[in-house]
1. Among the helices (runs of 4 or more DSSP H) contained in region 1-48, which hold 2 or more residues that are of a type in the set (F, W, Y) and surrounded by 11 or more Cβ atoms within 10 Å (Cβ to Cβ)?
2. Please identify the pairs in which a residue from region 25-46 that is in contact (Cβ under 8 Å) with a residue 12 or more places away in the chain and of a type outside the set (A, V, I, L, M) has its Cβ atom under 6 Å from the Cβ atom of a residue that is outside any helix (DSSP H, G or I) and crowded, with 19+ Cβ neighbours inside 10 Å, counting only partners at least 6 apart or on another chain.
3. Would you please name the residue that is modelled with the lowest pLDDT, looking only at residues in region 49-74 that are within 16 Å of K7 (Cα to Cα) and crowded, with 19+ Cβ neighbours inside 10 Å?
Amino acid sequence: METFLLKLKELSSAEDFLHYFGVPFDQSVVNVSRLHILKRFFQYIRQQNLLASGTEVELYSAYREQLVKAYGDFVKSTPAQEKVFKVFQDANGRQHVSLDSLRASMTPRHAT
């Protein structure tokens, strides 16, 4: 199991994970949703309590299944619809900044 976990630590991009687990993917989906896919993947792993249970083969299969599921979420949906990140959960993905808060954040300009 240590070998499997060490290999996972070497992976850094969504493409790395998808290649490692042998998941076919459309690059255009990954280009738009890479961080969302990875975050959802790790959410699924935590939900299934897969962090370190079973043999390497069992873990590989279980992790692959969760990655396929996470990737599939963004093939049929969008990051805004899936709401993986807090920014999309708050106000339907819209950021609201009042004019007053913008004015207050600006520093007054001094004539030189």
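1. Numbers: elements: 2-10, 14-20, 27-47.
Passing ranges, in order: 14-20, 27-47.
2. That search, which allows pairs on different chains as well, returns H36/V84; K39/V84; R40/V84.
3. L59
The values are calculated or read from the model by the stated rules, or taken from the named source; none is laboratory data. Predicted, not measured: the structure shown is a model, and the values here were computed from it. Virtual Cβ from ideal backbone geometry, glycine too; neighbours counted across all protein chains shown.
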